[in-house]
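Below is one structure, written out as structure tokens, with a few remarks after it.
The values are calculated or read from the model by the stated rules, or taken from the named source; none is laboratory data. Quick caveat: nothing in here was measured; it's all calculated off a predicted structure. Ideal geometry is used to build each Cβ from the backbone, glycine not excepted, and the neighbour counts take in all protein chains shown. Protein only, heavy atoms only, side chains kept; ligands, DNA and RNA dropped before computing areas. Shrake-Rupley method; radii C 1.70, N 1.55, O 1.52, S 1.80 Å.
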Amino acid sequence: MIFKLVYGEPDVISEAVISEKKIVVLEPNEKGLYKIEGIFEDKSLIINNNEDEIILKRKINGKKAFGFGDKVGPFNRWGKKYVFWNTDNFIHHPNSDPLYKSFPFFIVVGDNIKYGIFIDYPGYLEIDLDSYGIREMEIKIRGKGFVQYVITGTKLKEILSQYLYLTGKNVAFPKWAFGYQQSRWSYFTEKEVLEVAKKFRTKKIPCDVIWLDIDYMDQYKVFTWDKNRFKNYSKMLEKLHKDGFKVSAIIDPGVKVEEGYEVFEEGKNRYFLKDNEGKDFEGAVWPGRVRFPDFKERKVRRWWGKKVRKMYEEGIDGFWNDMNEISIFATEKDIKEAQNLVKDLKLEEGINLAIKAGVIGEIGRRGRGEEIVHLDGTKHYKVKNTYGLNMLRASYEGLEKNKRKLLITRSAYSGVQRYGGVWTGDNHSWWEHIYLEMSRLMSLGLVGVFYNGCDVGGFGGDVTAELLVRFMQFGSFIPMFRNHSAIGTRKQEPWMFGRKYEKILKQIIEYRYKLIPYIYTEYMFGILKNIPLLTPMFFHFEKDEKTFSIDDQFMFGRSVIVAPVYKPGQESRMVYLPKRSLDLNKLEFLKKGWHEVEAPLSKIPHFLVDGSMLPMQEVMSYVDERVSDITVIVSAYNDRAIGYYYEDDGQTNNYKKGMYNLYKIVYDSGKVSVIKIRENYLHAKRTWNLKIYTRTGLKELQVEI
Ligand code: MIG
């Protein structure tokens, strides 16, 4: 059940919610307050029209809440205050908040109750989840009103599914988006790009996607190519495609102010955000002085979409939407302020010097809300959090409808899953960040963003050989497996650390490719049924209380439990299994409960839940290279198991018309049967080798499917 509760008088339109059918609209009492029996009771609502502020206090019980997307901090969100105000916050300390995205959706898990709360407000928002420990939740906005949806259900899957009913289903990514991806800020020339690509092929390390960061552009001008360093970019793209690579390029919203530059000329006084005087708003980003498209407007999205489409037609397969919080290094006003402040600086000012020194730069809280106005007159501070969503939407709308796309964005708001996926921004090559990214990616799944990833290996800082191995092991079990690192840091391509490590890293990537049939099946099954590919343990084992306190293990698909090593020098770790499972390193059964599991450098602990199957294929240079036979690891302690296999063209949206095959494979006491749930796609017959692990030993069977 979804309840809608309105507070104050909302004056901005939600871009998150796409369907309000089947929703129960509740009526407030005369004070504008609500009570939902057994869930919460509002205590007070202060509407301060002068200040454009609303504060709601309510009584709420609980100890556990999950969600909010890739915010940092504990996986269990209870007991902390969060700020939603999309910000380029590039060092992820335990307390870094706000960050790039806003997903004001969380699921409360109580003793006998579970429910979701979605506070739909795209401007400045604070949610305090009982940080004082007095059973009080506080919601604060800068604006005239907000909407709240309360989603009840008996199971987590049901709650998430309803949230996706409200905000839209996930768009499906192409199959190749599950291959390994190599990035770096930057590969500076076409020669360097081709060399990196060639290394993958000559070293026989699988790779599907090469990424181009800002330096492919001419002076960081969006939709241009540097004429010297990428002189023959068409040829480069052709060559890469021929060798089985896809290419993904970064695009930034800031359009350089430069006479004669097409994008600027077309956009000026027409498509850009305004300042308070009605002139195009200007700020400084990579290209220097820039203006920002108002993606909230359909005509602007259409204009931008055409440019994206052109690049796509030139051979760019994916788009990486960066800096769209909006990240602005400085404005004219900042410079003036800074100049005034430093004019008469004296050491006598002591502490004030330090405070003043922080004037320039977009480190968050200060804003860029007040000074910007949208083309329809909306103050930017009321809709700031949807800027990134709408930028991604522009690319989505500009590209061919029936083709799947690789579109990711750094800044986002609830509903972004309708257009693409996300990555978690600028993490670091720190051990702590393997641990942190686990909870960030699990939490992204819980807010309905199924295609997600982090910079594998770490973006900032110098990675070490051991850390890279452990990061890559973790990265090989997340939806988007992309290695990316920052300019000025140590390079971290798989061959950068000598032979021993290259061999281990190659094996990690190869194993990812073997898992593609399983990964793709689970991903597409999830797309159809609203189940995230990467989830917390509790998502599939919610009857087991213990799973709710586990934040350093997760599930990849419905059947594989992953327990990464995230401390240096660690060669074993504790793992909790909510059900008997097959240790996929040792091929031995472990029963339900806690285990200390060995994890030498080349191994990541991972397990196949008993009663399920893991379809695997041969290693390939890239995902679509060829059709391979399938080997299925069957975890059948009691001689019984069920598995699934999904296939389709991997490239179009024809699956929506039912053009796919979904097989259910049932193994029982020496016999296999294949149930065709759907067979509506050209199917290449292949041999399936079943390796069935039972309590009495290994059995092998072959079937043709
Ligand atoms: O201010 O394009 O998060 O992935 O490599 C930094 C350069 C801009 C931030 C992105 C990062 C990217 C980098 N960008």
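So residue 489 clears everything in (1) within 14 Å of the ligand (Cβ to nearest atom); (2) within 26 Å of residue 74 (Cα to Cα); (3) in a loop (DSSP other than H, G, I, E, B) except one condition, right? Which one?
Among (1) within 14 Å of the ligand (Cβ to nearest atom); (2) within 26 Å of residue 74 (Cα to Cα); (3) in a loop (DSSP other than H, G, I, E, B), the lone unmet condition for residue 489 is (2).
Look at segment 53-70 and say how many of its residues are touching a helix residue (DSSP H, G or I) at 6+ places or on another chain (Cβ under 9 Å) and either at pLDDT below 95 or surrounded by 22 or more Cβ atoms within 10 Å (Cβ to Cβ) (or both).
5
In segment 406-439, how many are more than 30 Å from residue 463 (Cβ to Cβ), open to solvent by 10 Å² or more (accessible area, probe 1.4 Å) and assigned to a loop (DSSP other than H, G, I, E, B)?
Qualifying residue count for the region: 1.
Residue-by-condition table, conditions (1) within 16 Å of the ligand (Cβ to nearest atom); (2) over 20 Å from residue 571 (Cβ atoms); (3) open to solvent by 10 Å² or more (accessible area, probe 1.4 Å):
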site	(1), (2), (3)
482	yes, yes, no
514	no, yes, yes
520	no, yes, no
527	no, yes, no
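For segment 159-191, give me each residue that is in a helix (DSSP H, G or I), more than 30 Å from residue 530 (Cβ to Cβ) and open to solvent by less than 40 Å² (accessible area, probe 1.4 Å).
190 - this is the single residue of segment 159-191 that is in a helix (DSSP H, G or I), more than 30 Å from residue 530 (Cβ to Cβ) and open to solvent by less than 40 Å² (accessible area, probe 1.4 Å).
May I ask you to verify whether residue 215 is more than 27 Å from residue 624 (Cα to Cα) and not in a helix (DSSP H, G or I)?
Here the answer is no, as residue 215 does not meet what is asked.
Could you tell me whether segment 243-257 includes any residue that is more than 30 Å from residue 190 (Cβ to Cβ), outside any helix (DSSP H, G or I) and touching a helix residue (DSSP H, G or I) at 6+ places or on another chain (Cβ under 8 Å)? Talk me through it step by step, then tell me what you get.
Restricting attention to segment 243-257, the residues satisfying the condition of being more than 30 Å from residue 190 (Cβ to Cβ) are none.
No, segment 243-257 contains no residue that is more than 30 Å from residue 190 (Cβ to Cβ), outside any helix (DSSP H, G or I) and touching a helix residue (DSSP H, G or I) at 6+ places or on another chain (Cβ under 8 Å).
Take the conditions in a helix (DSSP H, G or I), within 16 Å of the ligand (Cβ to nearest atom) and touching a strand residue (DSSP E or B) at 6+ places or on another chain (Cβ under 9 Å) and apply them to residue 222. Does it pass?
No, not satisfied.
I need the full set of residues from segment 440-476 which are open to solvent by 10 Å² or more (accessible area, probe 1.4 Å) and more than 12 Å from the ligand (Cβ to nearest atom), in order please.
Residues satisfying the conditions are 461, 462, 464, 465, 466.
Among the numbered criteria (1) touching a residue at least 60 places away in the same chain (Cβ under 8 Å); (2) crowded, with 18+ Cβ neighbours inside 10 Å; (3) of a type outside the set (Lys, Arg), which single criterion is violated by residue 73?
That leaves (1) as the condition not met.
Just to confirm my filter: which strands (runs of 3 or more DSSP E) fall fully inside segment 32-78 and include at least 1 residues that are within 20 Å of residue 145 (Cα to Cα)?
Result: 40-48, 53-60.
Specify the residue that is farthest from the ligand (Cβ to nearest atom); the eligible residues are those in segment 414-439 that are under 20 Å from residue 87 (Cβ atoms) and acidic (Asp, Glu).
Looking at the filtered set, the residue picked out is 437.
Looking at segment 285-295, can you tell me whether even one residue there is open to solvent by 40 Å² or more (accessible area, probe 1.4 Å) and at pLDDT 95 or above?
Yes: one or more hits.
Step by step: first the residues of segment 673-699, then only those that are of a type in the set (Ser, Thr, Tyr) and not in a loop (DSSP other than H, G, I, E, B), then the one that is least open to solvent (accessible area, probe 1.4 Å). Which residue is that? Please lay out each step first, then the result.
Keep residues of segment 673-699 that are of a type in the set (Ser, Thr, Tyr), which gives 673, 681, 687, 693-694, 696.
Filter once more, keeping what is not in a loop (DSSP other than H, G, I, E, B): 673, 687, 693-694.
Details: 673: 58, 687: 33, 693: 32, 694: 11 Å².
Across segment 673-699, the extreme among qualifying residues is 694.
So if I check each of 127, 134, which one is free of Cβ contacts under 8 Å to residues at least 24 places away in the same chain and more than 16 Å from the ligand (Cβ to nearest atom)?
Every option except 134 fails the conditions.
Considering only residues that are crowded, with 24+ Cβ neighbours inside 10 Å and either touching a Gly at 6+ places or on another chain (Cβ under 9 Å) or within 21 Å of residue 441 (Cβ to Cβ) (or both), which ones fall in segment 390-404?
Residues satisfying the conditions are 392, 393, 394, 395.
Restricting to segment 145-195, name every residue that is more than 24 Å from the chain's Cα centre (by Cα), away from the ligand (no atom under 16 Å from the Cβ) and over 24 Å from residue 383 (Cα atoms).
Hits for segment 145-195 are 152, 153, 154, 189, 190, 191, 194, 195.
In the set 523, 513, which member is part of a helix (DSSP H, G or I) and in contact with a Leu (Cβ under 6 Å, 6 or more places away or on another chain)? Show your work before the answer.
Working: 513 fails: in contact with a Leu (Cβ under 6 Å, 6 or more places away or on another chain).
Unique residue meeting the criteria: 523.
Among the residues of segment 311-332, what is the count of those that are away from the ligand (no atom under 16 Å from the Cβ) and small (Gly, Ala, Ser)?
1
So which residues in segment 529-572 are outside any helix (DSSP H, G or I), polar (S, T, N, Q) and open to solvent by 10 Å² or more (accessible area, probe 1.4 Å), if there are any at all?
Selection gives 530, 559, 570, 572.
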